[in-house]
Amino acid sequence: DTGNGEQLYECPMCSLTCTNIQILEEHVELHLEEHNFSEDIRDLELAQQLQTEEDERQRSEEEKREREEFKKLQRQYGLDNSGGFKQQFLKNMEREVDRGRMLPFEYHKRKADMMESLASGIDDGKTKTSGVIEALCKYYQNENKDVRRVWLSAGVDHFHSSLGDRGWGCGYRNFQMFLSSLLQNSSYNDCLRDTTLIPSIPKIQSMIEDAWREGFDPHGASHFNNRLHGSKAWIGACEIYSLLTSLRIKCQIIDFHKPTGPMGTHPRLFEWILHYYSTDNEGGAKVVCTSKPPIYLQHQGHSRTVVGIEEKKNKTLCLLLFDPGCSSQQMQKLLKQNSDGSGLKLLRKFVGSLKEKQYQIVAVDGVLSLEEKAARCRASQVLTAEKIP
């Protein structure tokens, strides 16, 4: 009370006094609105802070996942600086000794043999099986059940992975198979005069690096940081193409980039390979031992060597493949082929057996002149694999 009969009303939030209750109510409502607005601002700031912290946490986790995935891929493709053929060979032999599967004197002998092979750059031949193509030729001459015709590559030796390259060496072993056939073909004597023996895997790595230094496939070379030697890096069709072309061997990469048949199959791949072998070999003989080199066949994670193709009496096609994953013991069985052909299961692949998303092949067809080699080197710097629709 002011003493003259007026009632005073005090604001409970700021001690302001009013003589009119309605004015006070409006004044308090303003306080409340301001308070609510401030609370909303604080809530929004807190929400933004929490969102920022969550974004940073997710970004940090994503970067960590990417680093781990990158390291995993480096390990998988041999680019993690963990050593190459020599280091893996020694490590695996030491493991064999520790497990009692190899005697110490054998360890030292094999180590000496490996060091000699590395020094010479020549493969030691301990994973090689010769004579399989010749054995196949004899088998098919007498086979009367279901093969109408068969085409075979010129003599190809089989090479399998060893203690030094198990898990990553298939591309190199397939190149050795390729080269074993070319060295038996006089058409390639001139361009292979400096490569008269099968090179070791480290030597092949150096040969690919030499091709890169000549200017072949700079994009592919950068993927490996221009270095293969001393690593466990996987190679594929592009590296095989670059290496062969640098040796003046005429070849092409064909990319079967999607299935062309039902159930994810690739009948166009089989038809292309049949055409490759049968061109210039259309005679009436049931068994055609051609002068054709084998074909390098690549898919995600593995590669093999095509050494021939069967045409069944029902017109279906069947590829004959040398797999670096098959041991000498398995391949030796093919030298004593049973009359029922059961051992051929190791080599035969029907259309329904090859169902990867895509395949690449490298096929050889002659020798390049120096001018043609130089032109291909320039072209490889911008060229991508031919696409088969």
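Of all residues in region 255-300, those satisfying the criterion of being farther than 23 Å from residue 132 by Cα and open to solvent by less than 40 Å² (accessible area, probe 1.4 Å) are 255, 256, 261, 264, 265, 266, 267, 269, 299.
In region 162-207, the qualifying residues are those that are within 26 Å of residue 330 (Cβ to Cβ) and free of Cβ contacts under 8 Å to residues at least 24 places away in the same chain, and the one that is surrounded by the most Cβ atoms within 10 Å (Cβ to Cβ) is 179. Pull out all pairs, ordered by first then second residue, where Cβ-Cβ is under 6 Å, the residues are six or more apart or on different chains, the first lies in region 109-130 and is free of Cβ contacts under 8 Å to residues at least 40 places away in the same chain, and the second is open to solvent by 70 Å² or more (accessible area, probe 1.4 Å). Close Cβ pairs satisfying both conditions: 113/124. Is it true that residue 91 is under 26 Å from residue 163 (Cα atoms), at pLDDT below 70, open to solvent by 100 Å² or more (accessible area, probe 1.4 Å) and under 35 Å from the mean Cα position of the chain (by Cα)? No: the conditions fail for residue 91. Taking the listed residues 164, 131, the one that is on the phi > 0 side of the Ramachandran plot and assigned by the TED database to the domain that holds residue 287 is 131, with no other qualifying.
So is residue 100 over 30 Å from residue 194 (Cβ atoms) and open to solvent by less than 70 Å² (accessible area, probe 1.4 Å) or not? Considered against the rule, which asks whether it is over 30 Å from residue 194 (Cβ atoms) and open to solvent by less than 70 Å² (accessible area, probe 1.4 Å), residue 100 comes out as yes.
Among residues belonging to region 173-211 that are β-branched (Val, Ile, Thr) and assigned to a loop (DSSP other than H, G, I, E, B), point out the one that is nearest to residue 369 (Cα to Cα). This residue is 195.
One line per residue, one yes/no per condition, for (1) of a type outside the set (Ser, Thr, Tyr); (2) surrounded by 13 or more Cβ atoms within 10 Å (Cβ to Cβ); (3) at pLDDT 90 or above:
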position	(1), (2), (3)
313	yes, no, yes
317	yes, yes, yes
320	yes, yes, yes
323	yes, yes, yes
335	yes, yes, no
354	yes, yes, yes
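Can you spot a residue in region 148-161 that is open to solvent by 20 Å² or more (accessible area, probe 1.4 Å), touching a Phe, Trp or Tyr at 6+ places or on another chain (Cβ under 6 Å), closer than 26 Å to residue 276 by Cβ and at pLDDT 90 or above? No: region 148-161 contains no residue that is open to solvent by 20 Å² or more (accessible area, probe 1.4 Å), touching a Phe, Trp or Tyr at 6+ places or on another chain (Cβ under 6 Å), closer than 26 Å to residue 276 by Cβ and at pLDDT 90 or above.
Please enumerate the residues belonging to region 103-135 that are assigned to a loop (DSSP other than H, G, I, E, B), open to solvent by 70 Å² or more (accessible area, probe 1.4 Å) and acidic (Asp, Glu). Once the filter is applied, which keeps residues that are assigned to a loop (DSSP other than H, G, I, E, B), open to solvent by 70 Å² or more (accessible area, probe 1.4 Å) and acidic (Asp, Glu), region 103-135 yields only 124. Every test in (1) more than 30 Å from residue 206 (Cα to Cα); (2) modelled with pLDDT under 80; (3) part of a helix (DSSP H, G or I); (4) open to solvent by 80 Å² or more (accessible area, probe 1.4 Å) is passed by residue 28 save one, and that test is (4).
Taking the stated definitions as given, is residue 323 acidic (Asp, Glu) and out of contact with any Leu (no Cβ under 9 Å at 6 or more places or on another chain)? No, not satisfied. Restricting 211, 237, 233 to residues that are touching a residue at least 12 places away in the same chain (Cβ under 8 Å) and in contact with a strand residue (DSSP E or B) (Cβ under 8 Å, 6 or more places away or on another chain) narrows the list to 237.
The values are calculated or read from the model by the stated rules, or taken from the named source; none is laboratory data. What you see is a predicted model; the values in this text were computed from it and never measured. Note: ideal-geometry Cβ built from the backbone for every residue, glycine included; neighbour counts use all protein chains shown. Areas reflect the complete protein model, heavy atoms only, side chains present, ligands, DNA and RNA absent. Shrake-Rupley method; radii C 1.70, N 1.55, O 1.52, S 1.80 Å.
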